[in-house]
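J.: This is the structure I have questions about; it appears just below.
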Amino acid sequence: MEYIATIGMEVHAEILTQTKMFCPCPNDLTAAGPNTHTCPVCLGMPGALPTINRTAVEATILTGMALNCSIAEFTKFDRKNYFYPDLAKGYQVSQYDLPLCSNGHLDVLVDGEPRRFGIRRVHLEEDTARLVHGNGVSLIDFNRSGVPLMEIVTEADLHSPEDAHAYLTKLRQILRYLGVSTGNMDEGAMRCEANISVSPKGSSVLGTRVEIKNINSFRSVRQAIAYEFERQVRVLEEGGRLQQVTMGWDENNLRTVFQRSKEGAEDYRYFPEPDLPPLTIDEHWFKSIQGRMPELPDARCARVTEQYGLRTADAELLTQDRLVADYYEDVVRVCDKKIAPQTVANWVLVELFRLLSETNTEIARCPVSPAALAELLGLLTAETINGTTAKEVLSEMFRSGKGAAEIVEARGLSQISDADALRTVVLQVLEQHSGPVQQYLAGKSQVMGFLVGQVMRQTRGKANVALVTDILRQALAERNQA
Ligand code: ZN
Ligand code: MN
């Protein structure tokens, strides 16, 4: 029998804010030692009173807007009660029946096919503390306790590991464009869970849902869903029944493992958080958040393709990351209008990307500014330097932070475009390589490449290639007549 998987995704994303969700402690998980960013609120002391972080609310609403959601006019926080060592209060402040955002969708290409995945809700809650296990002890760090967290839940619209991968990739790209989360899965800033059930193809009844937690990378998402699909099909084929359970993804053994029987919403005893006022999002607030919406990745890719006449694949690469797109457009804006935007794209995508990846540098810390790259391309277009030299100069700009003109001047790299000087070198080369010259004259035209190479060598790569080729042709023609 053929089976089909039905999958829903839940993503938790830590929100980039100065302070935590309900207290003034810094939201900063990198710089500080454990348990240094704490106060009675985020330590869960009885009687400590929370206040709502406006920036986190706005980031969640902005995300909901980008995901085509309806934004609640009236919303509130709820207590989700459960016991776990990383949750000192015994409850998490979350949102239950009135999420900030609901009923949206996200359009994604999966293997070139357009797909629309429903977004059931986006709500706001607080992160738990972090448990660190090892050496026979478990330690707890409250720096993460109370960090603003948004939970983004899809409808059960996905059907394959590829769907899940494409959805997460697009979602993370949007979160980064909005600047609301780093989306870094390896740091736990974006965490994902998948609900998966299988049913015979064509059946309208869904199978029993199994939840997979602890999926910590894009690769694991694919593997975990594929594994769980196979497992469930096997159980059904053997005449067994699936239990509604929570499984964990075991990254070392590449399998899902049983964690606990799944609780339902009623087990959490949700009730409205009595220490926080409900929120009303009025027209004015709504509009001011809407006004902050940046151009989103798909729209930007389409515009960049159109406006600069780029190859689609290049526009996609350039707009994958908002900062790269900004960098590219800055170069185009300041550079000589004689330089084609596609040429700028080639330099960014090939040479600059190579230098960034070789040195493991993010574009935000790129030592070559857009204006500096524009200057280099200007020298190339003005034929002050040739392409080979330009690559060399860019490497040095990247290393030293110096300007292109400064490097060209200091190292005497200016292109030789003096026809008389080049003719002297050409004649020398023809003298030194009479064999190849004979071959050329006998009709072996590909020898030209070799001769040009010899001239470039003698000029230490600085000769104007087009001019050299012209002069060589002319000199060889003269020999032919002689
Ligand atoms: Zn605190
Ligand atoms: Mn949650």
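This table checks each residue for (1) open to solvent by 60 Å² or more (accessible area, probe 1.4 Å); (2) under 29 Å from T38 (Cα atoms).
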position: H105; (1), (2): no, no
position: F117; (1), (2): no, no
position: R120; (1), (2): yes, no
position: N143; (1), (2): no, yes
position: I152; (1), (2): no, yes
position: D157; (1), (2): no, no
position: S160; (1), (2): no, no
position: Q173; (1), (2): no, no
position: E187; (1), (2): yes, yes
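J.: On to the next question. Which residues, taken from segment 1-32, are within 10 Å of ligand 1 (Cβ to nearest atom) and either open to solvent by less than 20 Å² (accessible area, probe 1.4 Å) or out of contact with any strand residue (DSSP E or B) (no Cβ under 8 Å at 6 or more places or on another chain) (or both)? Please lay out each step first, then the result.
T.: Going residue by residue through segment 1-32, those that are within 10 Å of ligand 1 (Cβ to nearest atom) are 19-27.
Of everything in segment 1-32, those that are within 10 Å of ligand 1 (Cβ to nearest atom) and either open to solvent by less than 20 Å² (accessible area, probe 1.4 Å) or out of contact with any strand residue (DSSP E or B) (no Cβ under 8 Å at 6 or more places or on another chain) (or both) turn out to be K20, M21, F22, C23, P24, C25.
J.: T312 - would you say it is polar (S, T, N, Q), over 21 Å from T389 (Cβ atoms) and open to solvent by 40 Å² or more (accessible area, probe 1.4 Å)?
T.: Details: polar (S, T, N, Q): yes; over 21 Å from T389 (Cβ atoms): yes; open to solvent by 40 Å² or more (accessible area, probe 1.4 Å): yes.
So T312 passes the test.
J.: I would also like to ask the following. Across segment 74-132, which residue is farthest from ligand 2 (Cβ to nearest atom) among those that are aromatic (F, W, Y) and part of a strand (DSSP E or B)?
T.: Here the residue is F74.
J.: Starting from segment 121-147, keep only residues that are in contact (Cβ under 8 Å) with a residue 24 or more places away in the chain, then list their pairs with residues that are of a type in the set (V, I, T) and more than 16 Å from ligand 2 (Cβ to nearest atom) whose Cβ atoms are within a distance under 6 Å, requiring at least 6 positions of separation or different chains.
T.: Cβ pairs passing all conditions: A129/I140; L131/I140; L139/V132; F142/T38.
J.: In addition: Name the residues in segment 42-56 that are more than 16 Å from ligand 2 (Cβ to nearest atom) and within 17 Å of T182 (Cα to Cα), would you?
T.: We begin by selecting, within segment 42-56, every residue more than 16 Å from ligand 2 (Cβ to nearest atom); these are 42-55.
Matches in segment 42-56: T55 only.
J.: How do the helices (runs of 4 or more DSSP H) wholly within segment 338-443 filter down when requiring 1 or more residues that are farther than 24 Å from R460 by Cβ and either open to solvent by less than 50 Å² (accessible area, probe 1.4 Å) or aliphatic (A, V, I, L, M) (or both): which remain?
T.: The helices (runs of 4 or more DSSP H) meeting that bar are 341-346, 353-358, 370-381, 434-441.
J.: Still on this structure, I have one more. Out of R269, R260, R322, I need the residue that is in contact with a Ser or Thr (Cβ under 6 Å, 6 or more places away or on another chain) and either exposed (fewer than 14 other Cβ atoms within 10 Å of the Cβ) or under 17 Å from P370 (Cβ atoms) (or both). Which one?
T.: R260
The values are calculated or read from the model by the stated rules, or taken from the named source; none is laboratory data. This is a predicted model, so every value here is computed, not measured. Ideal geometry is used to build each Cβ from the backbone, glycine not excepted, and the neighbour counts take in all protein chains shown. These accessible areas exclude ligands, DNA and RNA; they are computed on the full protein's heavy atoms, side chains included. Shrake-Rupley method; radii C 1.70, N 1.55, O 1.52, S 1.80 Å.
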